[in-house]
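Down below is the structure, laid out as structure tokens.
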Amino acid sequence: MFANCGFQNEESRKKTLPKALISVLLTSATLYLIVQFAAIGVSGPRLAGENVPVAASFFRIAGTIGYDLALAGMLISILGVALSVSFSTPTIASSLASEHQLLPRMLGHQNKRGVPVASLLISCAVCALMLFAGNYLFLASCIVFTSFVQYVPTIVATIKLRNHSKLPQGFKLPGGLTIPVIALMVTAYLILSFSLELIIAGVIVLVLSGIWYFYDDRDRQANGLERDIAEKDRPF
């Protein structure tokens, strides 16, 4: 949300944003690795059978106090994600529907104050259904699962659109397609490591979304409306 804040010109963004993104990724990866190695070192093979592995490792270090502190940190982290998603999801859905025509038109409806009412209500309804339909661990797995799934189109787009004439030319990855292909294989492995129940739920959501998109596309064609990318410009 704040990627472009504080930059005076285009040249400044080009120099600073790549460094900032790489720094954030490296810092986050380092912190995750430290926590992972610490948990493995403390719990060993028992870590595989724990529902909350970090909290279980802290319990072995500091007892009940460590366990409670780890759970509190997890809840604060999840609350931050929930608050961020509650604001961003309706706004992004409304933008994709009204400005880019990539989602059904009804999701782009806004009231006189600019609030995306339809997207907000639908996202709240979906969240409520998920809250009552599954337990905490299942919902946490859903968050991680959707994070991995959204990497797939990004990786595929890196492969497919890297030389598309209608798009601005960005950085070039060393090794050609080596990094995207490895990333795709690793992501596929991580997705398939989830439970069968979660994968089936993901497939169902994908099919329902595809049906919704298909009927919305027919409705747009019947009303003479084009999506953000015209047929002649589509790279696929």
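So the values come out like this:
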quantity	calculated
Exposure ranking of Y32, Y213 by accessible area [1.4 Å probe, largest first]	Y32, Y213
Accessible area (Å², 1.4 Å probe, nearest 10) - R218	140 Å²
Relative contact order of segment 73-132, defined on C-alpha pairs under 8 angstrom at six or more residues apart (%)	24 percent
Mean Cα-pair separation over length for segment 26-136, i.e. relative contact order, pairs under 8 Å, 6 or more apart, %	12 percent
1.4 Å probe accessible area per residue over segment 17-110, in Å²	69 Å²
Order of exposure, largest accessible area first, which applies to K19, K112 with probe 1.4 Å	K112, K19
Cβ-Cβ FRET estimate between Y151 and L69, R0 fixed at 35 Å, reported to 0.05	0.65
Accessible area (Å², 1.4 Å probe, nearest 10) - V81	70 Å²
Heavy-atom accessible area order for S123, S28, largest first, 1.4 Å probe	S28, S123
Nearest-10 value in Å² for the accessible area of T64, using the 1.4 Å probe	90 Å²
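The values are calculated or read from the model by the stated rules, or taken from the named source; none is laboratory data. Predicted model only: the values in this text are computed from it and were never measured. Please note: Cβ atoms are built from the backbone with ideal geometry, for glycine as well, and neighbour counts cover all protein chains shown. Accessible surface is based on the protein model in full, side chains and every heavy atom, while ligands, DNA and RNA are left aside. Shrake-Rupley method; radii C 1.70, N 1.55, O 1.52, S 1.80 Å.
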